[in-house]
1. Of the residues in the stretch 93-106, how many are surrounded by 14 or more Cβ atoms within 10 Å (Cβ to Cβ) and closer than 20 Å to residue 33 by Cα?
2. Among the residues of the stretch 126-135 satisfying the criterion of being among the hydrophobic types (A, V, I, L, M, F, W, C) and modelled with pLDDT under 85, which is surrounded by the most Cβ atoms within 10 Å (Cβ to Cβ)?
3. Here are some residues: 87, 62. Which one is loosely packed, with under 14 Cβ neighbours inside 10 Å, under 16 Å from the mean Cα position of the chain (by Cα) and not small (Gly, Ala, Ser)?
4. Identify the residue in the stretch 34-59 that is farther than 12 Å from residue 120 by Cβ and without any contact (Cβ under 8 Å) to a residue 40 or more places away in the chain and, among all such residues, is nearest to the chain's Cα centre (by Cα).
Amino acid sequence: MKIIRHAHPADFDQFNQIMETLWGSKLSALATPMDVFEKDGLLTVRTAMPGVTPDNLEITVENSVLTIQGKLERTEEIKDAKVYQMETSTGTFGRTLRLAGRWDFDKIKATTEHGVVTVTIPRAESELKRVVKVEATGPQSIEAETSQ
């Protein structure tokens, strides 16, 4: 069986150098895709972390920066086998997201299901839309004076 490589590791290193130069961070081979959306005053962040158990997840918020980190460990050692390809990664990986606006971090919740971590954060009460009732003060109506 012939294995064809699509990218040479040196190509990936060069790409990392460009990323670091432009944005100050490297693209990790363990970076996970992330979806972020807000609906009805609730921010939802979803990221795929297949194979990571809740015990190996760490979610932190500091200075309005949300960090979701996971640790993936190899569950079995492959011995006495002819390995053709090994693409599964192990180690610590995650995503960081700077949150604009005010959020109620005391009510943050996190769940994991089928390898997807979901973090929800409600918008702070001071950020929610409020309707202000306008009260009339003084005379309710002004009558026009007519001169005859």
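The values are calculated or read from the model by the stated rules, or taken from the named source; none is laboratory data. This is a predicted model, so every value here is computed, not measured. Cβ: placed from backbone, ideal geometry, glycine included. Neighbour counts: every protein chain shown.
1. 5
2. This residue is 128.
3. Sole residue among the options that is loosely packed, with under 14 Cβ neighbours inside 10 Å, under 16 Å from the mean Cα position of the chain (by Cα) and not small (Gly, Ala, Ser): 62.
4. Once the filter is applied, the top-ranked residue is 35.
Here is a yes/no grid of residues against (1) farther than 22 Å from residue 100 by Cα; (2) touching a helix residue (DSSP H, G or I) at 6+ places or on another chain (Cβ under 8 Å); (3) surrounded by 12 or more Cβ atoms within 10 Å (Cβ to Cβ); (4) modelled with pLDDT under 90:
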site: 44; (1), (2), (3), (4): no, no, yes, no
site: 47; (1), (2), (3), (4): no, no, yes, no
site: 50; (1), (2), (3), (4): yes, no, no, yes
site: 55; (1), (2), (3), (4): yes, no, no, no
site: 72; (1), (2), (3), (4): yes, yes, yes, yes
site: 75; (1), (2), (3), (4): yes, no, no, yes
